[in-house]
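Written below as C-alpha cells is the structure these notes are about.
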Amino acid sequence: MQQYTSHMSGVVSAMADNLALGSFALVLDGVGALLSFLGGAACSAVLVNWGRRERLHSEYALPLALEAGLLLCFGLIGGNLGAAPVAVHASHGDAAVLLCCCASSWGCRMP
C-alpha cells in the first residue's frame, strides 16, 4: 500500500490527508481499518471480562489466541496473493481487506 500503517494514529492521519486530497476511496479504506481496530478492541474487552467473570487463570489467553488466528489468516491469504495469475493479482481493495483483518488483531491487544 506504500504507506506506514502500523498504528491507528497513522491511519487517521492518512484519512485526513486523503480527505483533503479528495481521495474518498482511500478515506473509506481507512475507515474500514479504524472500525476493524475498534471491533477488535471491543472483542478483546468482552473476552477478557468474560475470563475475569469466570475466574480463569489466563484471562488474556482467548484474545491472544484469536489474534494469533487472525494473523495466521492474514499471512496465509497474503502469501497466496503473490501466487495468483497476473490477471487476478490483488488490488488496493484486497490489500485493505487484509489490513482490516490485521487491524482487528491489533485491536485484540487492547483489553
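The values are calculated or read from the model by the stated rules, or taken from the named source; none is laboratory data. Predicted, not measured: the structure shown is a model, and the values here were computed from it. All Cβ positions, glycine included, derive from the backbone under ideal geometry; neighbour counts span all protein chains shown.
A few points about this structure:
- Residue count for region 29-65 satisfying the condition of being in a helix (DSSP H, G or I) and farther than 12 Å from VAL11 by Cβ: 20.
- Matching option when the condition is modelled with pLDDT under 80, within 18 Å of MET15 (Cα to Cα) and surrounded by 14 or more Cβ atoms within 10 Å (Cβ to Cβ), among CYS108, CYS100: CYS100
- Qualifying positions in region 41-63 - more than 23 Å from HIS7 (Cα to Cα) and either among the basic types (Lys, Arg) or surrounded by 15 or more Cβ atoms within 10 Å (Cβ to Cβ) (or both): GLY51, ARG52, ARG53, ARG55, GLU59
- Residue that is closer than 23 Å to GLY78 by Cβ, surrounded by fewer than 13 Cβ atoms within 10 Å (Cβ to Cβ) and not basic (Lys, Arg), where the choices are ALA25, ALA16: ALA25
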